[in-house]
Amino acid sequence: MRKANELREYLTRHNHFLSENPDRLHVFVEQGSIVSTASRNLSHEYRFTLTIVVTDYAGPTDAIMLPLLAWIRIKQPELLANKDRRENAISFDVELLNHDTADVEIKLPLTERVVVRTSPDGGALVVEHVDEPADPETPTELEEVEITIPGTDPITVHVPAWPHPYE
């Protein structure tokens, strides 16, 4: 699963605790299904729940959630944009282990489109994992945003460059 690996890498890169302790980040693909039609090609969509577990986490929860939201805005934007989906799209559980650490579990319903085409020479089939369809309302340019969370190093993420409401 491409998105599972991408999100693992993204969270590790954008969270100081996870970059120092990558073995504390566990990613699972659960409740997966394949949706395909009876058309001539083998294109399909994976639908699954991505479960992220961070064990013995010693940091603010925002330092996980904010990079996660930035990734979702780009890779699975309808989870935030669709009012029917956003209410329950991102779920989490936290087990407080002591005063300093917790186990954090996050669940996301994701999709991953796979397009299968005949190669230009008409021979073999070529498989391509493609991004979600672009929403015409979402800017294609990304802006770099620095997030400051008290007690941690600043985090820099990239998000769609929506106009700011007060500018």
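The values are calculated or read from the model by the stated rules, or taken from the named source; none is laboratory data. Being a predicted model, the structure only gives us computed values, none of them experimental. Heads up, the Cβs are rebuilt from the backbone with ideal geometry, glycines too, and the neighbour counts pull from every protein chain shown.
Values for this structure:
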read-out	value
Residue in segment 28-39 that is touching a helix residue (DSSP H, G or I) at 6+ places or on another chain (Cβ under 7 Å) and surrounded by 15 or more Cβ atoms within 10 Å (Cβ to Cβ) present	yes
Residues of segment 54-97 that turn out to be free of Cβ contacts under 8 Å to residues at least 40 places away in the same chain, touching a Lys or Arg at 6+ places or on another chain (Cβ under 8 Å) and not in a helix (DSSP H, G or I), as a count	3
Failed item in (1) at pLDDT 95 or above; (2) surrounded by 14 or more Cβ atoms within 10 Å (Cβ to Cβ); (3) farther than 14 Å from ALA102 by Cβ, with ASN21 passing the rest	(3)
Candidates LYS75, LYS83 - the one that is crowded, with 16+ Cβ neighbours inside 10 Å, within 20 Å of PRO133 (Cα to Cα) and of a type in the set (Lys, Arg)	LYS75
Residue that is nearest to PRO77 (Cα to Cα), among those in segment 113-133 that are surrounded by fewer than 10 Cβ atoms within 10 Å (Cβ to Cβ) and of a type outside the set (S, T, N, Q)	PRO133
Failed condition for GLU112, given (1) without any contact (Cβ under 8 Å) to a residue 24 or more places away in the chain; (2) within 18 Å of ALA4 (Cβ to Cβ); (3) within 18 Å of the chain's Cα centre (by Cα)	(1)
Meets criteria (assigned to a strand (DSSP E or B), out of contact with any Gly (no Cβ under 6 Å at 6 or more places or on another chain) and either at pLDDT below 95 or farther than 19 Å from ILE149 by Cβ (or both)) for SER33	yes
Hits in segment 98-136 - residues which are among the aliphatic types (A, V, I, L, M) and not in a strand (DSSP E or B)	ALA124, ALA134
